[in-house]
Ligand code: C5P
């Protein structure tokens with residue numbers, strides 16, 4: 001008689017959490033005068049878009065600390081040490097909950113680096129959500145938003161997503177009502193722009209007012225509520241567009257090509273150099289993308305829709 005076989009033991013892989021967080025475009029970005037803390041007061045309307053960052057947080061042995069790897073678009077220029085905002089997010093969360101920051105973070109990039117679309121901020125927002133789930137910390141969303149704001153001006157929006165009005169440094173957020181889906185095309189440049197340098201150029205060339213009036217965005221908010229892409233295209237606004245163009249004059253051609261292709265509106269995204277064009281439909285978005293490519297007006301083109309959700313767990 002053959003002896004009974006011992007039960008096979010399958011070792012479960014260590015847990016990991018996969019989180020996705022969106023890039024953004026500023027539908028309106030109004031900038032006030034430089035403050036003593038080195039920041040500018042803003043009134044901005046963020047919209048999260050379908051380009052997203054993915055962060056996978058893996059469990060590691062106790063005491064292993066934080067480590068980080070990056071793949072995807074422009075991954076070679078992203079730091080993989082403690083200067084990476086996602087690394088800092090993991091450390092900040094660990095301090096907040098009183099655990100050791102032991103985690104391996106793997107970032108897959110889709111949002112352009114230093115492109116004015118808050119890709120690094122999305123990584124930090126995703127890392128907060130991923131580590132919170134991995135460490136089973138259960139930090140309330142409001143506390144995550146507070147931690148996010150301490151990491152950078154755009155990180156809180158990466159958590160919240162959809163469409164929101166940002167005041168303060170852009171980190172005090174109020175959700176905005178929208179209807180339907182908007183079609184966007186993004187012209188990405190291989191060479192990014194430094195956000196502090198764009199703000200510095202703003203101070204030197206234009207300078208912001210002491211007070212910003214929330215009422216100035218009324219038409220834009222109405223267009224969003226009505227799902228009126230034509231109306232929205234007419235009122236897109238970015239105070240950092242002039243400074244970004246001063247630093248990168250060739251972006252004017254990228255804007256012009258989009259306008260010639262019938263874009264409902266074309267604007268520099270945040271501090272640039274990515275250019276965003278609003279299209280009538282997916283078909284029209286593809287036509288604008290083709291015009292940019294044919295005119296050699298950018299290095300990469302993305303067609304996507306908005307609004308998109310904020311940082312969320314997509315798989316354990
Ligand atoms: O907060 P974050 O690190 O994303 O900001 C990068 C830089 O952009 C800041 O150091 C500052 O120079 C500039 N900035 C600003 N006013 C804001 C947001 C950012 O001057 N509201």
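The values are calculated or read from the model by the stated rules, or taken from the named source; none is laboratory data. Note that the coordinates shown come from a computational prediction; the quantities given were computed from them, not determined experimentally. Here Cβ is always computed from backbone atoms with ideal geometry, including for glycine, and neighbour counts include all displayed protein chains.
Candidates are the residues of the stretch 198-226 that are surrounded by 13 or more Cβ atoms within 10 Å (Cβ to Cβ) and closer than 15 Å to residue 39 by Cβ; the one that is farthest from the ligand (Cβ to nearest atom) is 212.
Criterion first (in a helix (DSSP H, G or I), in contact (Cβ under 8 Å) with a residue 24 or more places away in the chain, within 16 Å of the ligand (Cβ to nearest atom) and in contact with a strand residue (DSSP E or B) (Cβ under 6 Å, 6 or more places away or on another chain)) does residue 122 satisfy it? Criteria met by residue 122. Whether any residue in the stretch 175-190 is within 15 Å of the ligand (Cβ to nearest atom) and within 30 Å of residue 287 (Cα to Cα) is what I want to check. Scanning the stretch 175-190, I find no residue that is within 15 Å of the ligand (Cβ to nearest atom) and within 30 Å of residue 287 (Cα to Cα), so the answer is no. Screening the candidates 93, 105, 134 for the property of being farther than 16 Å from residue 78 by Cα and in contact with a helix residue (DSSP H, G or I) (Cβ under 7 Å, 6 or more places away or on another chain) yields one hit, 93.
Among the criteria (1) surrounded by 17 or more Cβ atoms within 10 Å (Cβ to Cβ); (2) free of Cβ contacts under 8 Å to residues at least 60 places away in the same chain; (3) in contact with a strand residue (DSSP E or B) (Cβ under 8 Å, 6 or more places away or on another chain); (4) not in a strand (DSSP E or B), the one residue 257 does not fulfil is (3). Is it the case that some residue within the stretch 32-39 is within 16 Å of the ligand (Cβ to nearest atom), farther than 30 Å from residue 231 by Cβ, at pLDDT 95 or above and touching a helix residue (DSSP H, G or I) at 6+ places or on another chain (Cβ under 6 Å)? Yes, the stretch 32-39 has at least one match. All of 42, 29, 51, 85 fail the test of being away from the ligand (no atom under 16 Å from the Cβ), within 20 Å of residue 270 (Cα to Cα) and within 17 Å of the chain's Cα centre (by Cα), apart from 51.
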